[in-house]
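Let me begin by presenting the structure, written as structure tokens, before commenting on it.
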Amino acid sequence: PDKVTHSSVAVFRKLAEAEARIHQADVESLHFHEVGAVDAIVDIVGACVLLEQLGIDRICASPLPMGHGFVDCMHGVMPLPAPAVVEILKGIPTYGVDVEAELVTPTGAALLATLASDFGSQPRMRIAASGYGAGSRELPHRPNLLRVLIGESDDHVREEVAIVETNIDDLSPQFYDAVMDR
């Protein structure tokens, strides 16, 4: 579907723009290395297809945990969070954790940075379904899980109303219309 194509291309563009800034290159001259691997394509397009099939129209995400340490990649050994992750997540809330591992990948960062409209605490919602995805890496003192909650928004529209009152007890009735117009 067009929406899946548009979303997938937007996520890949986010990745390409981050890589281009890191390597000081044009987006058009980049070679994606790991990002263009089959698993990244499946992850991105698969996530966009799933969102379309589930009818999800708004994504909210929690602040993202940033591990530390180093990761081997096509460009050699890189610090964590990886430079592409840092570039992609500019302006998005993150927090550091004492875990020596990559907790947010460039693909995951690009998906959330592109598709999520809000980052913060869980919004008010009526939960209809939940899902969990477990990674294969064992992490100390924390599960290696992604949790998704699907529900209906429970946000009530709140309007601020100002009421202006006055006493016009001694006003001549001939002036009411002029005063009411103003």
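No value in this document is a laboratory result; all are computed from the given coordinates. Since this is a predicted model, take the numbers as computed values, not measurements. Cβ placement follows ideal geometry from the backbone for every residue including glycine, while neighbour counts extend to all protein chains displayed.
The Cα-based radius of gyration of the chain, divided by its Kirkwood radius, gives an Rg/Rh of 1.25. Calculate one ³J(HN,Hα) per residue across the stretch 101-108 by plugging θ = phi - 60° into the Karplus curve 6.51 cos²θ - 1.76 cosθ + 1.60, and present them in order as whole Hz with x for glycine and proline. 3J(HN,Hα) across the stretch 101-108, in whole Hz: 5, 7, 9, 10, 8, x, 5, x.
Each residue, Ser117 and Lys90, gets one label point 7 Å from its Cα in the Cβ direction; the gap between the two is 2.5 nm. Taking a sphere under 11 Å around the Cβ of Ala110 and counting the other residues whose Cβ falls inside, with K and R at +1 and D and E at -1, yields a net charge of -2. Taking the Kirkwood radius as Rh and the Cα radius of gyration as Rg, the stretch 1-74 has a ratio of Rg/Rh equal to 1.01. Sorting 13-20, 135-142, 41-48, 116-123 by their mean Cβ neighbour count within 10 Å, with the most densely packed peptide first, gives 13-20, 41-48, 116-123, 135-142.
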